[in-house]
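The values are calculated or read from the model by the stated rules, or taken from the named source; none is laboratory data. Note that the coordinates shown come from a computational prediction; the quantities given were computed from them, not determined experimentally. Please note: Cβ atoms are built from the backbone with ideal geometry, for glycine as well, and neighbour counts cover all protein chains shown. Remember, those area values only see protein heavy atoms, side chains included, never the ligands or the DNA or RNA. Shrake-Rupley method; radii C 1.70, N 1.55, O 1.52, S 1.80 Å.
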Amino acid sequence: MELTGAIITLIGSLFLFLGALGIFRMPDVYNRMQAGTKATTLGTILFLFGISIGHLECGCFGKISILILFVIFTNPVSSNALARASHYVGIKLTDKTVKDDLKKDNIENKGEKI
Amino acid sequence: MISVIMIVVLGVIMIVAGIIALHLKNLLAAIITAGTISLLASVIYLILGSPDVAMTEASIGSGLTTIIFLYALNKVQKEDKND
Amino acid sequence: MIFTLILGFVLLLIGIYGMLSQRNLIKIIIGFSIADTGIHIIIVSIGYLRNRTAPILNSAVDISKAVQQVVDPIPSALVLTAIVIGLAVTALMLSFVVELYKKRKSLSIDDYQELKW
Amino acid sequence: MIKKTLVLIAIVGLLMVFWPLMSNFEFSQNLSELASNYVRGSVNELNTQNVVTSVIVTYRGLDTLGEVTVLFLATVGIGFLLGKRKGKKRPASELLQTTSSFLFALIVLFGVYIFTHGHLTPGGGFQGGVVIATAFLLLMLSDVNMKFNHTILQIVESFSGAFYIVIGIVGLVLTIGFLSAEIIPLGEFGKLISAGAIPIIYSFIGLKVGSELTNIIDTMRGE
Amino acid sequence: MKKLKHSILLFLIMMIFWILFTSTDIQELIIGVITSLIIVSMMNKLQPVLGDVKLNPKSIIYSIIYIFVFLKELIKSNVDVALRVINPKLPINPGIVKVKTKLKSPLGRAILANSITLTPGTLTVEMKEEYFYIHWIDVTSENIEGATKSIVSNFEKYLEVIFG
Amino acid sequence: MANIIYNIAGMISLVAIVLTFIRMILGPTVADRAVALDGMTIIAISLIVFIAYSFNRIIYLDVAIVYALISFVGIVAIARYLERGI
């Protein structure tokens, strides 16, 4: 049982590492956010879950499940707020970008600054 | 042993962050970088065996101090815009 | 632990350097908060004893031998007080900065020289 | 340029002052006499698991009273300094509004958990107060038109401050000294209702700190 | 009615959290009930987001299925991101597309937006009435219908039953 | 055996913190730095839970919960400041 928990924790830490690598390598803010949000969320969930099933006798399952719920609820919200703010400020998307509907709609409505 | 490695790595990050925070021209970037120092300091307090201080530093040092700086910066720059 | 002691002193020196050399008022306050963190780390690391654990005596600590197993609680209590007061001082300084800015429209310390000697 | 050199000389001077202190520093191997007394007394006299809490609330209670006073004075000072100002603000996203009205309850609940369990787990009045202030801050961030009733905040703050002092004076009258925890039966070691008056004192400190910090943030936000 | 349902559900959720924080000791339970009641009565000004949840057997079964669908998509998205990050050429083709949703209740829309953010290659940037603007790391269809079909409809059919 | 694997996992998350910090130094815009701070706090939560495991004190988990809550509000505040809505 403890070995299973250890291996799950190791996989989680690898996902954390890949998320950090994504933040480091990706070309613009939005793509960095993609890597940073998804990979770190699953990485944290696996890391905490592995530690809690490796030590069932410590009685920490309740607090760890609260921590996991908080991370699932709050991490996408903060990413969404950051993405909205950076689009409003006008940070450019990378050159590979195909299309940008939000900018087009904002120009048509003229309600908001781009 | 493992705690010594952690303290050395986190300490180097904190020192570099302090130097960078004083050299950045953009005030918001300087505030974010200075917030990193408090954030990692709370991990160090935890390794030193004082969770009460770690909790206080995490909530006050990295949360409220950053936010109060942001409000002050907001007031200063809004005045700029009105002129 | 000697590493955290060195870390605290280096952070203190960086903060004092920032307070003395920067010309921007908000940068000076950032330097003050860095020095503050450095002093807290110094005080906590003085109270650390090797191979001991936090002074919370639940089932993980043998209560009859607690004196041999826990770190010093007094520096923790001192630093806890100091952090809260640091927040109050920082807020007061920032509100002074906002008020000064309303009068002069400048954040540089070179523009406030009435009391220079 | 000459300023930079002067600053560097000052830093080197400080380094030379600090260096002997640091290189000759000897870490002790045992707790000092005072600290061992606090640890033993926390188990035997007060029934408190968290030694730091018993030091802050009872053994060094007067220091904490001074700290609360400093915080109060800072609030008053900031209120005098900053006036009100107007500006156009962008409303928050719909996702943030929905989520914050749901998360607010959980964050306040967690703050209450921290300051009622200050004698069992890490944390206490100051941390719990900060967490509650953070919950109100989340509401301010998600709704630009949110207004708080300053009268209620001030009533909560002054009543909890007054009760804090009253408990201290009751300790002076009934038992050995100011802010003594033994005015209530001590209870069983490790349960929620134990450690005498410590949870009650810490709850009042938590309410006071929470309302004070909410006041500071709301003043710095302006209208 | 909606408000009463919101209050009761919120009270139950807070009690579950309190028990997870502490234990089922009788002293803890009493303090938890008092605290939760005070907080619920304090919150009557905020919008009652939990009032839209439907409580019949079908919606409960669907919400359990939804959790598993969500977990599957989460793991898929992580493998996807990991493969993109490791690849030295960094194969991305990003863009911001517009999709349409039928959901009306605020909590349902919030859960949909969070689920979109945590699933393969998509990130919610803005929500305006019935349209969501989504940053897509690999744009495969540029019109509204195609994007809606491949991003939203997988979750929407469950959430429609749960929130109505 | 299990112990060694846990320690390796902790070291890998330490390397991840260093990577996000490099992005924070380089980051051309403020939003990049904020994204790096977001990732750094999430990884630091895992690090705190790892410390709680390796010192065998589950009571440290309270610190991790406070950390998660406060960092969420901090990031939202930075975002709202950027879009002039604070």
With the condition being within 30 Å of F:G85 (Cα to Cα) and more than 18 Å from the chain's Cα centre (by Cα), I'd like the helices (runs of 4 or more DSSP H) fully within segment D:1-92 carrying at least 1 qualifying residues. D:61-81
Of all residues in segment D:86-129 being within 7 Å of another protein chain (Cβ to nearest Cβ) and among the charged types (D, E, K, R), the one that is least open to solvent (accessible area, probe 1.4 Å): D:R90
Per-region count, segment D:157-212, residues in contact with a strand residue (DSSP E or B) (Cβ under 8 Å, 6 or more places away or on another chain) and on the phi > 0 side of the Ramachandran plot: 3
Where the second residue is open to solvent by less than 10 Å² (accessible area, probe 1.4 Å) and of a type in the set (D, E, K, R) and the first is facing another protein chain (nearest Cβ under 7 Å) and lies in segment F:63-76, which pairs have Cβ atoms under 7 Å and are six or more apart or on separate chains? none
What's the total number of residues in segment C:68-83 that are surrounded by 22 or more Cβ atoms within 10 Å (Cβ to Cβ) and free of Cβ contacts under 8 Å to residues at least 12 places away in the same chain? 2
Looking only at segment D:74-84, decide whether some residue is within 9 Å of chain C (Cβ to nearest Cβ), in contact with a Phe, Trp or Tyr (Cβ under 8 Å, 6 or more places away or on another chain) and open to solvent by less than 10 Å² (accessible area, probe 1.4 Å). no
Can you list residue pairs whose Cβ atoms sit under 7 Å apart, with the first residue in segment E:29-48 being more than 10 Å from chain D (Cβ to nearest Cβ) and the second being open to solvent by less than 40 Å² (accessible area, probe 1.4 Å)? Count only pairs 6 or more apart in sequence or on different chains. none
Looking at this structure, is D:I205 in contact (Cβ under 8 Å) with a residue 40 or more places away in the chain, within 17 Å of D:V112 (Cα to Cα) and away from every other protein chain (no Cβ under 14 Å)? no
Within segment D:130-150, is even one residue farther than 20 Å from D:T214 by Cα and crowded, with 22+ Cβ neighbours inside 10 Å? no
Selection count where residues are over 16 Å from C:A91 (Cβ atoms) and touching a helix residue (DSSP H, G or I) at 6+ places or on another chain (Cβ under 6 Å), scope segment D:67-100: 9
Can you go through D:L139, D:L179 and tell me which one is over 21 Å from D:V55 (Cα atoms) and in contact with a helix residue (DSSP H, G or I) (Cβ under 7 Å, 6 or more places away or on another chain)? D:L139
Those residues of segment D:164-199 which are open to solvent by 30 Å² or more (accessible area, probe 1.4 Å) and either within 18 Å of D:V68 (Cβ to Cβ) or in contact with a His (Cβ under 6 Å, 6 or more places away or on another chain) (or both) amount to D:I165, D:V166, D:I169, D:V170, D:L172, D:F178
Scanning for something among the charged types (D, E, K, R), surrounded by fewer than 23 Cβ atoms within 10 Å (Cβ to Cβ) and at pLDDT below 90, does segment F:62-72 turn up at least one residue? no
Candidates B:S62, B:S50, B:S38, filtered to the one that is over 19 Å from C:A88 (Cα atoms) and either modelled with pLDDT of 90 or more or within 7 Å of another protein chain (Cβ to nearest Cβ) (or both): B:S50
Do you know which residues across segment D:39-52 are open to solvent by less than 10 Å² (accessible area, probe 1.4 Å) and either in contact with a Phe, Trp or Tyr (Cβ under 7 Å, 6 or more places away or on another chain) or facing chain C (nearest Cβ under 9 Å) (or both)? D:V39, D:S42, D:T48, D:N50, D:V51, D:V52
Filter segment F:41-60 down to the residues that are open to solvent by 10 Å² or more (accessible area, probe 1.4 Å), facing chain A (nearest Cβ under 10 Å) and aromatic (F, W, Y) and list them by number. F:Y53
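Every residue, every condition in (1) touching a strand residue (DSSP E or B) at 6+ places or on another chain (Cβ under 7 Å); (2) open to solvent by 30 Å² or more (accessible area, probe 1.4 Å); (3) modelled with pLDDT under 80, yes or no:
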residue	(1), (2), (3)
E:I30	no, yes, no
E:A82	no, no, no
E:L90	no, no, yes
E:T117	yes, no, no
E:P120	no, yes, yes
The lone condition C:N51 fails out of (1) at positive phi; (2) buried (at least 16 other Cβ atoms within 10 Å of the Cβ) is (2)
Find the residue count for segment D:53-72, including only residues that are without any contact (Cβ under 8 Å) to a residue 60 or more places away in the chain and within 22 Å of D:V130 (Cβ to Cβ). 7
If you go through segment E:32-49 one residue at a time, how many are open to solvent by 50 Å² or more (accessible area, probe 1.4 Å) and in a helix (DSSP H, G or I)? 6
Go through segment E:112-149 residue by residue and tally those that are within 20 Å of E:V161 (Cβ to Cβ) and facing another protein chain (nearest Cβ under 9 Å). 5
Enumeration of residues in segment F:20-46 that are free of Cβ contacts under 8 Å to residues at least 24 places away in the same chain and among the hydroxyl-bearing types (S, T, Y): F:T20, F:T29
For B:L40, the lone unmet condition from (1) surrounded by fewer than 22 Cβ atoms within 10 Å (Cβ to Cβ); (2) under 21 Å from F:G10 (Cβ atoms) is (1)
Which numbered condition in (1) open to solvent by 10 Å² or more (accessible area, probe 1.4 Å); (2) among the aromatic types (F, W, Y); (3) within 18 Å of D:S158 (Cα to Cα) is the only one that D:Y202 fails? (1)
